[in-house]
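One structure below.
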Amino acid sequence: MIEGVKLILLTTHSDDRGHLLEIYRTDTDYHREFGGQINQVYIVEDPVRGTIRAFHRHQKLWDFFFISHGSAKFALYDGREQSSTSGETNTFVLGDRQRKLLVVPPGVYHGWMSLEDDTQLISIASHTYNAENPDEERVPYDSFGYDWSIKFK
C-alpha cells in the first residue's frame, strides 16, 4: 500500500433505536492535527455511474473519503519523489455495504469513479479550499496509465 495511505474499516453501532456510524474521530491513529479543528467537510453527489473525477494531488491537505450511499472505485498514485512507494498505484472500492474511510496524504494523486447511480461521497479536508490559491495539481483522468474499466471476474 502507498506510504501514508490508510483504509479503515468503520464500525456501525446498532440498537433498537437504529444505527450510528462514526466516520472520523480525533482519538485514532489516523487523526491529523489541523490547528485543533477539522477545516472542511463536504458532500459530492454523482447522479450517474461511471462518472470519473480524477486526478489531482495536494501539497499540504490531507483528504479523508467516505461513501455514504452507493459505491465508488478510488485510484491513488504516489507522486512523491521521496516516498518509499513512489510510483506505486493502489485501487480501493468503497461503498455503503462495507463502510470504510480512505485516508490520502499530501502528494498522492487521487481520483474516483462512481460504480452506482446516485453515489454520494463525504469528504473531510484538513484545510479549507481556497479558490484563489488552490492547493491542488490536476492531471488528466487517464494519467499514470490507469485503466478505469470494470474488471469482470
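The values are calculated or read from the model by the stated rules, or taken from the named source; none is laboratory data. Keep in mind that this is a model prediction, so the values were computed, not measured. Heads up, the Cβs are rebuilt from the backbone with ideal geometry, glycines too, and the neighbour counts pull from every protein chain shown.
Looking only at residues of the range 89-117 that are touching a Lys or Arg at 6+ places or on another chain (Cβ under 9 Å) and of a type in the set (Asp, Glu), we find that the one that is surrounded by the most Cβ atoms within 10 Å (Cβ to Cβ) is Glu116.
Within the range 40-88, the residues that satisfy the criterion of being in a loop (DSSP other than H, G, I, E, B) and surrounded by 15 or more Cβ atoms within 10 Å (Cβ to Cβ) are Arg49, Thr51, His58, Leu61, Trp62, Gly70, Gly79, Arg80, Ser83, Thr85, Glu88.
Go through the range 99-153 residue by residue and tally those that are in a loop (DSSP other than H, G, I, E, B), closer than 26 Å to Glu81 by Cα and not small (Gly, Ala, Ser).
Step one: list which residues in the range 99-153 are in a loop (DSSP other than H, G, I, E, B), which gives 99, 105-107, 115-118, 126-136, 139-142, 146-153.
Still in the running and closer than 26 Å to Glu81 by Cα: 105-107, 126-130, 133-136, 139-142, 146-148.
Those left that are additionally not small (Gly, Ala, Ser): 105-106, 127-130, 133-136, 139-142, 146-148.
Number satisfying all stated conditions: 17.
I'd like the residue in the range 139-149 that is in contact (Cβ under 8 Å) with a residue 60 or more places away in the chain and closer than 16 Å to Thr51 by Cβ and, out of all such residues, is surrounded by the fewest Cβ atoms within 10 Å (Cβ to Cβ).
Initial filter on the range 139-149 (in contact (Cβ under 8 Å) with a residue 60 or more places away in the chain): 139-141, 143-144, 146, 148.
With closer than 16 Å to Thr51 by Cβ added as a condition, the list becomes 140-141, 146, 148.
On the way: Pro140: 8, Tyr141: 14, Tyr146: 17, Trp148: 15.
Here the answer is Pro140.
Scan the range 7-27 for residues that are aliphatic (A, V, I, L, M), assigned to a strand (DSSP E or B) and either exposed (fewer than 10 other Cβ atoms within 10 Å of the Cβ) or at pLDDT 80 or above (or both) and report the count. Full working, then the answer.
So in the range 7-27, the residues aliphatic (A, V, I, L, M) come out as 7-10, 20-21, 23.
Adding the requirement that they be assigned to a strand (DSSP E or B) leaves 7-9, 20-21.
Keeping just the survivors that are either exposed (fewer than 10 other Cβ atoms within 10 Å of the Cβ) or at pLDDT 80 or above (or both) gives 7-9.
Final tally of qualifying residues: 3.
Only a single criterion out of (1) assigned to a strand (DSSP E or B); (2) in contact (Cβ under 8 Å) with a residue 24 or more places away in the chain; (3) under 13 Å from the mean Cα position of the chain (by Cα) is not satisfied by Thr91, namely (2).
Please go through the range 28-43 and give me each residue that is aromatic (Phe, Trp, Tyr) and at pLDDT 70 or above, ordered by number. Listed by number, the list holds a single entry, Tyr42.
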